[in-house]
Amino acid sequence: MRLDHDLLTPGRAATSKASTDGATQRQKIVIREHADLQDVIDKGDVLSGSSLGGAAFCRGGRFSGGHDTAMIYRTFKCPNGILRIGFTPGNGSGRTVTGRWKVLSGTRAFKGMRGSGRIQTRFGAGSQPAEARETFRGSVFR
């Protein structure tokens, strides 16, 4: 089944079209956010410039997050659903760290979504930074 762009765009009707070749439509996703790292649970805001398939992503949204021994989590609370992703920090240079992320789950407009990509984190000043700017880039599909 191929999904139309309208399925992931807030305020549009959800429609789908059957495809004879079973191809899945991938969409580019960019999530920019400001993270407050002062508490045990990370939290922050989704920033302008975030997009999904050419449309704004999670305008006015917020996220919360945490971690375990294997992964760091972000749960984006958007007007049209919740998207939960996980990532592992990888290589870094100075105050910038990169890594890989993947979709873990979603509700409503994000239900059944899969995908992955790269994350870049830029930490604020100090030996124990209290904030960071994160950018998730990749592709998603159903």
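In percent, rounded to a whole number, the relative contact order of segment 41-101 is 22, using alpha-carbon pairs under 8 Å and six or more apart. Only protein heavy atoms count here; on that basis, with a 1.4 Å probe, Arg95 has an accessible area of about 110 Å².
Here segment 52-74 is scanned for amide nitrogen atoms under 20 Å from the site 7 Å beyond the Cα of Arg108 along Cα-to-Cβ, giving 52-65, 74.
So how much slack lies between Lys28 and Lys77, counting 0.36 nm per residue of separation and subtracting their Cα-Cα distance, in nm?
Details: separation 49, 0.36 × 49 = 17.64 nm, distance 1.92 nm.
Working it through step by step, the gained length comes to 15.7 nm.
Taking all protein chains together and a 1.4 Å probe, the residues Lys28, Lys102, Lys111 rank Lys28, Lys111, Lys102 from largest to smallest accessible area.
Using the Cβ-Cβ distance between Leu47 and Ser139 with R0 set to 22 Å, the FRET efficiency from 1/(1 + (r/R0)^6) comes to roughly 0.65.
Each residue of segment 48-65 was assigned a 3J(HN,Hα) from its phi angle through the Karplus curve 6.51 cos²θ - 1.76 cosθ + 1.60 (θ = phi - 60°); the sequence is 4, x, 6, 8, 9, x, x, 9, 4, 10, 6, 4, x, x, 10, 9, 10, x Hz, with glycine and proline shown as x.
The values are calculated or read from the model by the stated rules, or taken from the named source; none is laboratory data. Everything quoted here is computed from the prediction, not taken from an experiment. With ideal geometry, Cβ positions are generated from the backbone for all residues, glycine too; neighbour counts draw on all protein chains shown. To get the accessible areas, we keep the full protein, side chains included, count just its heavy atoms, and leave off ligands, DNA and RNA. Shrake-Rupley method; radii C 1.70, N 1.55, O 1.52, S 1.80 Å.
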